[in-house]
Amino acid sequence: MKAARSSVVSKKGTPWGTIIAVVAIVALAASVVTYYMVASAPKREQKTREEAAAAFAPSQQDPDPSKRINGVTTTTYEGSVHVTAAERVAYDKTPPYGGPHDQSWAACNGVVYEKAVRNENMVHGLEHGAIWIAYNPAQISGDALELLRVRVEGKPYTTMSPYPNLDKPISLQSWGHQLKLDSASDERIDQFIAALRTNPFGAYPERDATCDAQIEPGDFDPTPPGPDAKPMDYKGTAGTQQDQPGAGQPSQPPATQPSAPASK
């Protein structure tokens with residue numbers, strides 16, 4: 001009897017097929033979890049940055065928190081001054097962050113443009129309350145570029161594009177505000193966005209305007225504006241579509257010189 005039982009056990013053998021299948025399932029699950037953790041890390045890290053920057057959200061008591069961000073410059077511009085698609089503006093800042101602009105705006109609802117686009121279309125998006133992140137493609141690439149991208153993709157009223165020959169690696173624009181930076185990891189990027197994106201306390205002219213695509217923006221023109229370019233005090237081209245101001249649009253005088261950088 002003992003010999004028979006021993007023979008039966010030996011015939012059953014080790015269930016290698018089952019063991020291999022279990023190991024394969026565990027390995028697959030581990031790889032899926034690892035992939036998820038790696039792939040989601042940038043978004044989780046960005047959430048942490050946004051939470052840290054929440055102290056710069058505007059309020060009635062603090063309508064323009066960007067004044068607390070070191071390096072921000074401001075200029076007052078008149079809104080709703082339009083040019084046609086064939087006209088250029090002799091902007092007083094690079095990149096521009098206010099002034100006359102194309103009657104049509106580039107999409108600014110979480111769009112990352114892979115190539116440089118026309119200033120006049122981008123400025124119109126700022127008038128709608130958007131943030132425009134411009135970067136020097138000769139200085140920002142790889143991980144730094146991805147660090148900027150995660151702040152823009154899928155984010156309402158936010159857009160990003162390369163800007164050839166930019167004098168700094170990174171430049172952030174909202175209507176009437178600009179911040180130039182050296183590093184994509186600078187916490188002031190998130191503070192600037194928190195303070196100024198669709199700020200409801202008069203930081204941009206057109207309340208409740210959409211950032212959905214109206215047109216495909218024109219190509220960036222790197223050449224200096226010619227003598228026929230429209231000046232910053234231009235009053236608008238006849239026949240261009242005029243904006244319908246939203247509630248709370250401020251009455252703004254022509255452009256002035258920027259203020260000194262704010263201190264922390």
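The values are calculated or read from the model by the stated rules, or taken from the named source; none is laboratory data. Everything quoted here is computed from the prediction, not taken from an experiment. Note that we place each Cβ from the backbone using ideal geometry, even for glycine, and neighbour counts take in every protein chain shown. Quick note on the areas: whole protein, heavy atoms, side chains included, nothing else; ligands and nucleic acids left out. Shrake-Rupley method; radii C 1.70, N 1.55, O 1.52, S 1.80 Å.
May I ask which of Lys155/Lys235; Lys180/Lys235; Lys93/Lys230; Lys47/Lys155 have a Cα-Cα span longer than 22 Å here?
Numbers: Lys155/Lys235 33 Å; Lys180/Lys235 29 Å; Lys93/Lys230 14 Å; Lys47/Lys155 12 Å.
Listed pairs above 22 Å: Lys155/Lys235; Lys180/Lys235.
Residues with beta-carbon under 14 Å from that of Arg151, excluding Arg151: net charge, scoring Lys, Arg +1 and Asp, Glu -1?
Numbers: positive: Lys43, Arg44, Lys47, Arg49, Arg149, Lys155, Arg188, Arg197; negative: Glu45, Glu50, Glu51, Asp143, Glu146, Glu153, Asp186, Glu187, Asp190.
My count for the surroundings of Arg151 gives -1.
For the stretch 90-129, state which trypsin sites (Lys or Arg not before Pro) are in a DSSP loop and have at most 11 other beta carbons lying within 10 Å of their beta carbon.
Working: sites: Lys93, Lys115, Arg118; in loops: Lys93, Lys115, Arg118.
When the trypsin sites (Lys or Arg not before Pro) of the stretch 90-129 are filtered for loop state and at most 11 Cβ neighbours within 10 Å, Lys115 remain.
Please label the shape of the stretch 19-234 as rounded, prolate or oblate, based on the square roots a ≥ b ≥ c of the eigenvalues of the alpha-carbon gyration tensor (a/c under 1.5 means rounded; beyond that, a/b larger than b/c means prolate, else oblate). Present the calculation step by step, with values, prior to reporting the outcome.
On the way: a/c = 2.28, a/b = 1.75, b/c = 1.30.
Since a/c reaches 1.5 and a/b is larger than b/c, the shape of the stretch 19-234 is classed as prolate.
Could you give the length gained by full extension between Asp221 and Lys67, i.e. 0.36 nm per residue of separation minus their alpha carbon distance, to one decimal place?
Numbers: separation 154, 0.36 × 154 = 55.44 nm, distance 3.20 nm.
Full extension from Asp221 to Lys67 adds 52.2 nm.
Please give the per residue accessible area of the stretch 19-234, computed with a probe of 1.4 Å over protein heavy atoms only, in Å². The partial results should precede the final answer.
Working: 9780 Å² over 216 residues.
Here the per-residue accessible area is 45 Å².
What does the extension gain come out to for Lys115 and Gln46, with contour length at 0.36 nm per residue minus their alpha carbon separation?
Details: separation 69, 0.36 × 69 = 24.84 nm, distance 2.40 nm.
Length gained between Lys115 and Gln46: 22.4 nm.
Starting from the Cα gyration tensor of the stretch 152-233, take the square roots of the eigenvalues, sort them a ≥ b ≥ c, and report rounded, prolate or oblate (rounded when a/c is under 1.5, otherwise prolate if a/b is larger than b/c, else oblate). Mind showing how you got there, number by number?
Working: a/c = 1.59, a/b = 1.19, b/c = 1.33.
Cα axes put the stretch 152-233 in the oblate bin.
Pull out the extension gain between Trp16 and Thr94, defined as 0.36 nm times the separation in residues minus the alpha carbon to alpha carbon distance; nm, one decimal. Don't jump to the answer; show the numbers that get you there.
Working: separation 78, 0.36 × 78 = 28.08 nm, distance 6.80 nm.
Stretched out fully, the Trp16 to Thr94 stretch lengthens by 21.3 nm.
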